[in-house]
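Structure first, then comments.
The values are calculated or read from the model by the stated rules, or taken from the named source; none is laboratory data. Note that this is a predicted model, so its numbers are computed, not measured. Heads up, the Cβs are rebuilt from the backbone with ideal geometry, glycines too, and the neighbour counts pull from every protein chain shown. What goes into the accessible areas is simple: the full protein's heavy atoms, side chains included, and nothing from ligands, DNA or RNA. Shrake-Rupley method; radii C 1.70, N 1.55, O 1.52, S 1.80 Å.
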Amino acid sequence: MIMPQLDWLTKRPIAHRGLHDLNDKRWENTLSAFDAAARAGFAIECDVHLSADGVAIVFHDEDLKRLTGKDGQIHQLTAAEATALHVGGTGDRVPTLREALALINGRVPIIIELKGIAGRDDGLVAAVASELESYDGHAAIMSFDHHLVRRFPADAPGIPGGLTAEGVKTRNIEAHFSMLAHELAFVSYNVHHLPNPFVAFVREKLRMPVITWTVRDQAAKAQSDLFADQITFEGFNPDSTLA
């Protein structure tokens with residue numbers, strides 16, 4: 001059973017980095033991918049880094065090369081420099097979180113994964129929280145990085161915060177359990193690492209929603225459906241019986 005205040009998180013499948021086409025013509029984490037997801041009625045997952053001047057930038061990698069063809073690191077750029085870059089040679093530029101939120105405009109939920117770079121991400125949680133403060137729509141934040149998750153209660157009060165996680169070894173599971181001390185509202189787990197004791201505990205004992213990543217076909221969706229509450233997907237239509 002999902003707690004009523006977070007039932008929106010699991011109501012619809014979540015498009016991983018937006019509804020992209022595996023970076024053919026519509027690339028990940030672009031306004032085009034976000035608009036396509038919203039039009040299709042899918043929730044949206046996106047990634048954010050902190051720019052050199054303290055702005056939340058929608059971008060997955062630390063390195064610029066794969067997505068922009070340029071050399072350098074995303075954290076080295078100002079927001080103006082980052083948003084001047086085209087993604088994948090398309091007309092889409094790297095967006096700020098503010099631009100993404102304005103485009104989505106509450107049409108569907110957004111789940112924001114904060115990408116930490118040790119020593120380079122001070123203020124990231126607060127920057128994201130600031131953008132969400134006046135946002136009129138469902139939104140949540142999450143991160144793999146424990147040092148960022150620990151900042152959620154202080155820097156992003158009132159915003160549902162989640163742990164992005166993976167692993168089945170004892171040391172992984174124990175580390176995940178330790179994060180329950182930091183007011184988690186949900187968990188996002190690697191679909192290929194289910195089932196496991198941590199996910200079973202938070203879902204069955206704490207009644208905490210669990211979403212999975214990254215589901216790329218109907219077989220993985222079937223696995224997720226057994227042990228979690230919703231999928232984060234890419235590369236297929238989860239509303240279809242055809243992969």
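Based only on the alpha carbon positions, what is the Kirkwood hydrodynamic radius of region 70-174, in angstrom?
15.4 Å
For region 1-158, give the share of DSSP beta bridges that are antiparallel, in percent and rounded to the nearest 5; count only bridges with both residues there.
On the way: 6 of 18 bridges.
Taking every DSSP beta bridge within region 1-158, about 35 percent pair in antiparallel fashion.
So what's the net charge close to residue 13: Lys and Arg +1, Asp and Glu -1, counting the other residues with Cβ under 12 Å from its Cβ? Display every interim value, and only then the final one.
On the way: positive: 11, 12, 221; negative: 45, 225, 229, 234, 239.
Residues close to residue 13 contribute a combined charge of -2.
Suppose only helical runs count, i.e. DSSP H with n ≥ 4. What mean residue ellipticity at 222 nm does that imply for the chain under -39500 (n - 2.57) per run, divided by all residues and rounded to the nearest 500 deg cm²/dmol?
Values: 10 runs with 66 residues, N = 243.
Computed mean residue ellipticity for the chain: -6500 deg cm²/dmol.
If you add up the charges near residue 128, with Lys and Arg at +1 and Asp and Glu at -1, over every other residue whose beta carbon is less than 12 angstrom from its beta carbon, what do you get? Each step should come with its number before you reach the end.
Working: positive: 98, 115, 151; negative: 47, 113, 121, 131, 133, 155.
With Lys, Arg at +1 and Asp, Glu at -1, the neighbours total -3.
Less than 12 Å Cβ to Cβ from residue 177, Lys/Arg counted +1 and Asp/Glu -1: what total charge do the surrounding residues give? All intermediate terms of the calculation are to be shown ahead of the outcome.
Numbers: positive: 171, 205; negative: 174.
With Lys, Arg at +1 and Asp, Glu at -1, the net is +1.
Once you have the Cα-Cα distance between residue 171 and residue 126, take 0.36 nm times their residue separation minus that, and quote the gain in nm to one decimal.
Separation in residues times 0.36 nm, less the Cα-Cα distance, equals 13.2 nm.
For the chain, which whole percent of the accessible surface, found with a 1.4 angstrom probe, sits on carbon and sulfur atoms?
Ligands and nucleic acids excluded, carbon and sulfur reach 50 percent.
What order do 170, 90 take when sorted by accessible area (1.4 Å probe), most exposed first?
170, 90
Can you pull the accessible area of residue 115 for me, 1.4 Å probe, Å² to the nearest 10?
For residue 115, the solvent-accessible surface is approximately 40 Å².
Ignoring everything but the protein chains, give the 1.4 Å probe accessible area of residue 207 in square angstrom, nearest 10.
Estimated to the nearest 10 Å², residue 207 gives 110 Å².
In whole Å, what three semi-axes, largest first, describe the equivalent ellipsoid of region 116-243 built from its Cα gyration tensor (square root of 5 times each eigenvalue)?
Largest first, region 116-243 gives 26, 19, 13 Å.
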